[in-house]
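This report concerns only the one structure given below.
None of the figures in this text is laboratory data; all of them are computed from the coordinates on show. Note that the coordinates shown come from a computational prediction; the quantities given were computed from them, not determined experimentally. Backbone-built Cβ (ideal geometry, glycine too); neighbour counts: all protein chains shown.
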Amino acid sequence: MLFFRNLHRYTENQEQISVEGNKRDSKQLSKQVIDEYIHAIDQIDSLMTFDWGVFNIIYDETMSFYSQNKSSDEIARSLQSRLNVYVDENYG
C-alpha cells in the first residue's frame with residue numbers, strides 16, 4: 001500500500017513517471033484522477049489468492065483417475081475427505 005500512498009510523489013508534476021524515474025510517453029494525470037485512484041485503492045477489503053494445496057489435492061486425485069483406474073465415485077469420496085482435512089488444518 002506504500003506505493004499507492006506515495007502515488008502523488010510520482011505524479012506531482014502531473015506526469016507519469018516510472019519507479020526508476022524515467023518519464024513515460026503518456027497522457028498527464030489530473031489531481032482528480034489521482035484522488036479517485038487512491039480512494040479506490042483505499043476501499044479494497046479483500047485479496048484473491050490461489051491455494052496451491054487445494055490445487056495439488058485436485059491434481060493428485062485427477063491423475064489417480066487416469067493412472068490407477070479409480071472410479072469417479074472413489075475420486076469424489078477421496079477428494080471430499082482430503083479437502084475437508086486440508087481446510088480444517090489450514091483454515092479451521
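General remarks:
- Fewest neighbouring Cβ atoms within 10 Å first, the residues THR62, THR49 line up as THR49, THR62.
- When LYS31, LYS70 are sorted by how many other C-beta atoms sit within 10 angstrom of their C-beta, beginning with the fewest, the order is LYS31, LYS70.
- You can think of it this way: the chain between ASP51 and LEU79 has 8.6 nm of extra reach, that is 0.36 nm per residue less the Cα-Cα gap.
- Compared with the alpha-carbon gap, the fully stretched path from SER30 to PHE65 is longer by 6.9 nm at 0.36 nm per residue.
- Pairwise FRET efficiency - ASP88 versus ASP42, Cβ, R0 = 30 Å, nearest 0.05: 0.30
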